[in-house]
Each structure stands twice: as structure tokens, then as C-alpha cells.
Amino acid sequence: MPESGDHINPAGSVPELLNPSFIAQVASRLFNELPGGAEVPRSETELQHAPESAATSAREQATQGPVAGDPAWQPALPWFPAEAQAPGEGNAFYFTREIGTNREEALEPHAERLTEEQNYTPDGSGSYGLEEQLRKNPAEPALPAELPGLPSPDSAISFDFLRQAFQPFQSIAGLDNGRCFAEELLRKAAGDGGSRAQAPVAEPSAFGPHYLFTTTDTPGNPAAAGEVFDVVSVRKDFPVLHQKVHGKDLVWFDNAATTQKPVSVIEAVWQFYATDNSNIHRGAHTLAARATDAYEGAREKIRRFINAGSSSEIVYVRGTTEAINLVAQTWGRKFIQPGDEIVLSILEHHANIVPWQMLAQEKGAVIRVVPVNDRGEIILEEYTRLLGPRTRFVSLTQASNGLGTILPVREMIRLAKRHDAKVLVDGAQSVAHIPVDIQDLDADFFVFSGHKIFAPTGIGVLYGKRELLDVMPPWHGGGNMIKDVRFDHTSYNEAPAKFEAGTPSIADAVGLGAALDYVRKLGLENIARYEHELTVYATEKLAAIPGLRQIGTAHEKVGVLSFVLDGVPIDEVGRALDREGIAVRAGHHCTQPSLRRFGVEGTVRPSLAFYNTRQEIDRLVDVVRSIRRG
């Protein structure tokens, strides 16, 4: 597999792609045969004098089309003909217009409309990077019978050549590195239908949204057949990553605490507040209906993401902590009796310890703790011995936030079911990194937080088997969770509404749905493979630093890399890394029992996500080495 930056010449060089005649012809098709026959204004003068009628039509369409949160929905471009923006069956392409140094003067006539309708400005610099998703009409313009200089359909085309071929008219049209109409023309003419490029990959492509490209083992390509995760394109989706901290490029290695948000999530929340903001379920007007559709649509996305049996088994909460407390204070209070045993692992986050302690103290129950070995792995034999006829509930993290250990929860659930115990799985640290099939796991409850999976804070999920949710009493009382209220009696709604009293965090739920769309597009299997490679690389690099002790070296783990450095306090290491623009967590990570098992009160904890790179790991290692040298 080639590293980023390696240059691999394709089999059979195709210099014809750079033929000026070919480029001119494709560019002509791009400008003159856009979907719907629309023609894009290609100069700042044309932009300034775009007809008001087009903007008005576009604005009307934005209010009549799909609701915010629907992937097909995008705010209309104020200067782009509405007929070219209508959702259709074809693939999307992207149009980005960067005005440059004269943007204020050029955009002044349209300031009001841009304020209302412009896309989110990713870098916060005030530059109008107006990238909008435009849908082609179902009836695509036919390709010309012949395009001079095109390779045959079975030729290998590298993305390096594609980039060079499109560069001349990118600058003319203001087209950025998005997947553009010209790329579609070239791909179709080359015979691959505009989907995946069956080609050697010279380097990670700038052409999104293809984040994974198939490579072929052809002459001139030493890479074995396989797939390359295009982290360069992925990183473009995360505005916060492109800034400097203390004059250094930001490296975000605090993903176990919270993940950063792609533009699609930021836009989904923005679009909701800009166009559909309303309370849900009870309003007799259009915005209420659209808000309700977006909110419940996100619930269905969650169901599909974890493969729950029904969306009625998905309860919105503020996060993992609230979800665990909900189960403890409803199912636990109703069914836990004096002398019952609650089994936890020593790897649990405080949020999966304290609620059960509180319940055990109230009910007279007993907490049993599963130990780990010196690598931080669950000792299954000890777990099996802890289970017995008094075991009533088992609550386990799927992945440790302090050590990164992935627990064998499927086997642990199966063993607990032998004793008719109910099982909750804390998926806060797993759901963004490894595939989760809740029906395959057979967990009774599964919980996670949105902000751990690239969604906003303040939103989370409780999955519960329907038969359990039905017998659990409400936790909070108020609006939405009731059927009928009288002063002498109240009847409650069915799940999930029974547990969602009051006005929920609607926009954040929409953002969570958008985040799950984004992760599904990348593919959790692809994410898991890439992050595993990063974790192995980082583990080996850190192990080579004298005086560094890694805490948690399980064979199966997510990208959590806890360590301590001889003679250097962890907070000092954290501050030194911050001065170099590297964000890590330094402390006990709300997992004091597991760290004390290894004789420490805290660690330095870099934690990885799919937008991190080997180059960032190298920076981390270099700084830690310099700290070690004093």
C-alpha cells in the first residue's frame, strides 16, 4: 500500500489527458451543458449582475424541497438558476466560488442574500467559500460520440493525472477540489461510470467525496491490490483541524474526550435553525411538521446504524451518563432487590460506576468487579466465576476510555444470559471506531454519546429492548411523555416518548443523524482498519522512547495510547505538548479504578480518530522525546 506522497506511475502513461483540445472540449461541456441547460456565471462581473429572479426562484425552492436533515436538501445558491439546483436522480457535484481579495466589493450587491443563504464558512476567516451540493436532472446530457485523446475504458487512470487534467479549467471556473461535473464526464468517457476509479493511486486524491479508492496490482504499481483510506480528503471536511495553536498546526489527539465535527454536521444544525426551527409533534403548522420529520428521521438513522429492531427502541438522552442513570433509576429501582449482585469491570468510566453504587446503596445490592491482566484485558475466567444465581445486572464498557481495551462483550453477554441477568453495554468509546450490531450482541441496553461520534454535544442514545422499556417506569415527568393528565391520575405514553419529557434537543438530534450519515459513508470497517494501522504505528513509536511506560497494551484496542514519562509530571507533559499545538488529555480520565490497577493516578492520553495521520504521530513522538531529554 503506497504511503501518502509516494508517486506511482500508472501502467501506460496517458499524456493525452493533458491535450489542450481535450481539456477545452470537456470544459466547454462543463460550462454549456450543465443539468437543465443552465450556464454558470464565470466572472465576478456576471456574479454581481446575476438576475434577482433566479435568486427568488432558488429561495422559493429551498423552502419547498426536502426538509433540513435530508441529504438531498441544500440552501439555494442566490445567483445560480433554480432549475439547475433541483434534486434529481443523478450524482451530486460541487461548485465552489472563491472570490479572493476583492470579495467584499464583488459580493456587496448580494450581502443580504448571502447572509441569509450562504453556506457555512468553514475556516471562520470570513472568506466566502460557497460550496453547495447541486443535483443533476434525471435526464443527463449525452456525451459526445468521440472525445479526442481519451484513453480506452480499460486503461488505468491515476488521480494525479486527473488532478493535472482538470487544473486548467478549475482556475477558470472557480472549481475547487470537489467532485465536479467534468470529472464525471471524464470518468464516464473512460468507461467506469463515474463511480470508483479502478486505477493506481499516486497519492490520496483531492477529489471528494470518494474517501476510499480501489488500487490494482498492475505493472508499474508495486502496491498490492487493496484499498487506501484517503485521509487528506477526509481532513478537508473538518474545519477546526485547519488552525494554528501557539503558532503551530493543531493536532487533535483528544478524541476519546470529544470528536470534531465535519461540515455536513455543522451545516445540518445550521440549516435546521435557519429554516425549520420549531418544537416537535404538537404544532399544527409546516415548520413543526418539518422539525418532527427531521427529529424522527434521525431516530431511524440511529436504529439502522446499530441495527436495532425498531425505532421505538431508541430513546434520546443528553449522553451516555444520562442513559446509564436512566436505566439505573428506572429498571434498577424497580427490579434490583437486597442481596442482588451488579457486575462491573474495573475498566469502567465513572459514569458506569457511580450510578450503580448509588442504586446498590439504596437497595442493599452488592457490586462485583471483573479484574484485568497486566495488558489491561478482561480475565474471562474470573468474570465467569463472578456470575451466579444472585447476578441481576451486568454493565460493561465495550471499549475502555482510559486504556483503549476492547472487551469481548459478545461472549460476556452470552455468559451473563446463562444466569438470566440483564446486560448494559457502554458504547461511548466504541461506536465511532468499530461496527456495532446490537441484535447480534443481544445486549438488553446499549448507550452512547453523540459528541463521541462527530455529532454535537448534548445529545445521546439509549437503546433498550422493547419489552424492557415497556415495563420501566418514567424517569422525568412533563410534556410529551403523557397521554392524559388529570389531578388525580396521569397516563403515560409508550416508549420512547415515555422517557423524553419536555422539549428535546432537536437540532442536536438532527446533527447526530448527519454524523451517522457521514460515518456510514466512510464505512466503519474502513475506519476500523485505518485507525488500527495508526494505533499500531503509534504504539511502536512510543515504545521506542526511553523512560516511557505505556498503560494498557491489549491485543484488541481502539486508538487510546495512555502513557507516563519517568520523572515528568503528566500535567507538565500535557502543557508542553499544547505549546506545540498538540491536544491530549492529561489526568485520570474519569477512570481512576483502572489506572490504580496499574499503580498510577493519571496518564497522558493521546487518542486517535480517522482524521489523524502518521505525520501527526511523528510530531507527538518528537515532542515527547524532547520533553524526556529535558
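The values are calculated or read from the model by the stated rules, or taken from the named source; none is laboratory data. Keep in mind that what you see is a predicted model, and the values were worked out from it rather than measured. As a convention, Cβ positions derive from the backbone with ideal geometry for all residues, glycine included, and neighbour counts pool all protein chains shown. Accessible surface is based on the protein model in full, side chains and every heavy atom, while ligands, DNA and RNA are left aside. Shrake-Rupley method; radii C 1.70, N 1.55, O 1.52, S 1.80 Å.
Using a 1.4 Å probe on the protein chains only, how many percent of the accessible area of the stretch 447-597 belongs to carbon and sulfur?
50
Could you sort the peptides 552-559, 532-539, 606-613 by per-residue average Cβ neighbour count (10 Å cutoff), highest mean leading?
Those peptides, ordered most packed to least, come out 606-613, 552-559, 532-539.
Show me the ranking of peptides 457-469, 369-381 by mean Cβ neighbours inside 10 Å, starting with the highest.
The most tightly packed comes first, giving 457-469, 369-381.
A 26 angstrom limit on the alpha carbon distance is what I want to check against. Which of K363/K498; K261/K417; K248/K521; K417/K465; K334/K483 exceed it?
K261/K417; K248/K521
List the residues whose amide H sits under 5 Å from the amide H of T613, counting only those 5 or more places along or on another chain, with H placed 1.01 Å from N in the peptide plane.
Distant-sequence amide H within range of T613: zero hits.
Given the peptides 238-247, 585-594, arrange them by the average over their residues of other C-beta atoms within 10 Å, most packed first.
On the way: 238-247: 13.7, 585-594: 20.2.
Peptide ranking by packing, descending: 585-594, 238-247.
By the scheme Lys and Arg +1, Asp and Glu -1, what is the net charge of all other residues having a beta-carbon under 14 Å from that of V372? Spell out each step's value before the answer.
Numbers: positive: R375, K557, R596, R597; negative: E348, D374, E377, E381, E382, E556.
Local charge sum for V372: -2.
With every protein chain present, what is the per residue accessible area of the stretch 455-585 (1.4 Å probe, Å²)?
Per residue, the stretch 455-585 has 44 Å² of solvent-accessible surface.
Among DSSP bridges having both ends in the stretch 419-485, what percentage is antiparallel? Round to the nearest 5.
Looking only at bridges with both residues in the stretch 419-485, the antiparallel portion is about 60 percent.
How would you classify the stretch 387-480 from its alpha-carbon gyration tensor, with a ≥ b ≥ c the square roots of the eigenvalues: rounded for a/c under 1.5, else prolate if a/b is greater than b/c, otherwise oblate?
Oblate is the answer for the stretch 387-480, as a/c is 1.5 or above yet b/c matches or exceeds a/b.
Tell me, what HN-Hα J-couplings in whole Hz come from the Karplus equation 6.51 cos²θ - 1.76 cosθ + 1.60 at θ = phi - 60° for each residue of the stretch 359-366, using x for Gly and Pro?
Per residue, the Karplus-derived 3J(HN,Hα) values read 5, 4, 5, 5, 9, x, 8, 10 Hz.
With every protein chain present, what is the per residue accessible area of the stretch 222-373 (1.4 Å probe, Å²)?
38
What shape does the stretch 543-612 have by the C-alpha gyration tensor, where a ≥ b ≥ c are the square roots of the eigenvalues, rounded means a/c under 1.5, and otherwise prolate means a/b greater than b/c and oblate the rest?
Note, shape of the stretch 543-612 comes out rounded.
First check a/c for the stretch 436-508, with a ≥ b ≥ c the square roots of the eigenvalues of its C-alpha gyration tensor; if it is under 1.5, answer rounded, and if not, answer prolate when a/b is larger than b/c or oblate otherwise.
oblate
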